[in-house]
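S.K.: Would you mind keeping the following structure in view while I ask a few things?
The values are calculated or read from the model by the stated rules, or taken from the named source; none is laboratory data. Everything quoted here is computed from the prediction, not taken from an experiment. Here Cβ is always computed from backbone atoms with ideal geometry, including for glycine, and neighbour counts include all displayed protein chains. The protein model used for the area step is the full one, side chains on, heavy atoms only, and it has no ligands, DNA or RNA in it. Shrake-Rupley method; radii C 1.70, N 1.55, O 1.52, S 1.80 Å.
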Amino acid sequence: MSADESPGAAVAFARIDPSGGERFQTLRRELGVSGFGLNALILAPGQRGRVHNHEHQEEVYLVLEGELTLVLEDGEHVLGRYELARVAPAARRQLVNAGREPLVLLALGGSGEHRGRDGRAWSSWEESGVGRPPQEVPLPDDLPSPG
């Protein structure tokens, strides 16, 4: 599973492969992301990761499939599909698949302060210039319903 573009390119693509047999997929590297960590973790039923923490990096876990048991010093927290948890850097944690189905989750990590809104937006592809703050540009009309 490799990105379709080289690191540092304007756009890159990758695909999570839950059946690839790997527990850890370094999406950050595959996509050439340099500003934050981004990994896919795939745990078979009964598998678990190491007990760990970080010096600086906070992490967010997003469950895509299955059920995550997030073990912390204060106990266990179970997250289902589309649920998220943010864990502070110093908090020791362990990711566990105590369920009967494969667990697929995204782990996003970063340190440092968020810079805030720095996006630019345009009303259409025909509009040129430097753009405007997104909140100043109305959302486009939705596409017609298929079928």
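S.K.: Once a ≥ b ≥ c are taken as the square roots of the eigenvalues of the Cα gyration tensor of the range 100-144, is the result rounded (a/c under 1.5), prolate (a/b larger than b/c) or oblate (a/b not larger than b/c)?
M.R.: It is oblate, given that a/c is not under 1.5 and a/b is not larger than b/c.
S.K.: When the helix-only estimate is applied to the chain (DSSP H runs of n ≥ 4, each -39,500 (n - 2.57), divided by the residue count), what is the mean residue ellipticity at 222 nm, nearest 500 deg cm²/dmol? Intermediate results must be reported in sequence, preceding the final value.
M.R.: On the way: 1 runs with 5 residues, N = 147.
The helix contribution divided over the chain gives -500 deg cm²/dmol.
S.K.: Cut-off 10 angstrom, C-alpha nodes, Gaussian network model of the chain. Which of Gly129, Gly119, Gly110 fluctuates the most?
M.R.: So, out of Gly129, Gly119, Gly110, the one fluctuating most is Gly129.
S.K.: Just to be sure I understand: with springs between alpha-carbon atoms less than 10 Å apart, which residue in Leu108, Leu38, Leu72 has the highest mean-square fluctuation in the Gaussian network model of the chain?
M.R.: Result for the chain, Cα springs under 10 Å: Leu72 fluctuates most.
S.K.: For the modelled label position 7 Å from the Cα of Val130 along Cα-to-Cβ, which residues of the range 99-124 have backbone nitrogen atoms closer than 17 Å?
M.R.: Those under the cut-off are 117-123.
S.K.: Give me the percent of accessible area attributable to carbon and sulfur for the chain, probe 1.4 angstrom.
M.R.: Looking at the chain in its full context, I get 51 percent from C and S.
S.K.: What accessible area per residue comes out for the chain, rounded to a whole number of Å², with a 1.4 Å probe?
M.R.: On the way: 10670 Å² over 147 residues.
Accessible surface, normalised per residue, equals 73 Å².
S.K.: What does the net charge come to around Val63 if you take all other residues with beta carbon closer than 10 Å to its beta carbon, with K and R at +1 and D and E at -1?
M.R.: Overall, the nearby charge balance is -2.
S.K.: Could you compute the FRET efficiency for Ser123 and Ala90, with r as their C-beta to C-beta distance and R0 at 30 Å, rounded to 0.05?
M.R.: With R0 = 30 Å, the Cβ-Cβ based efficiency is 0.10.
S.K.: Averaging over all projection directions, find the projected area of the Cα convex hull of the range 46-93 and quote it in nm² with one decimal place.
M.R.: 3.4 nm²
S.K.: Another question about this same structure. Can you give me the C-alpha center-to-center distance between the range 61-85 and the range 111-147, rounded to a whole angstrom?
M.R.: 32 Å
S.K.: In terms of solvent-accessible area of protein heavy atoms at a 1.4 angstrom probe, what is the ranking of Tyr82, Tyr61, highest value first?
M.R.: On the way: Tyr82 145, Tyr61 0 Å².
Per-residue accessible area, sorted high to low, gives Tyr82, Tyr61.
S.K.: Let me ask something else about it. Compute the Cα gyration tensor for the range 1-104, then decide on rounded, prolate or oblate, letting a ≥ b ≥ c be the square roots of its eigenvalues: rounded whenever a/c is under 1.5, prolate when a/b is larger than b/c in the other cases, and oblate in all that remain.
M.R.: In terms of gyration-tensor shape, oblate.
S.K.: So how far apart, in nm, are the two label points at Asp141 and Glu65 if each is 7 Å from Cα heading toward Cβ?
M.R.: 3.9 nm
S.K.: While we're here: What does the charge count around Arg92 come to, taking other residues whose C-beta lies under 11 Å from its C-beta (Lys +1, Arg +1, Asp -1, Glu -1)?
M.R.: 0
S.K.: Sticking with this structure for a sec: For a test of the definition: using alpha carbon positions, the gyration tensor, and the 1.5 limit on a/c, classify the range 49-147 as rounded, prolate or oblate.
M.R.: Details: a/c = 4.17, a/b = 1.76, b/c = 2.37.
Since a/c reaches 1.5 but b/c is at least a/b, the shape of the range 49-147 is classed as oblate.
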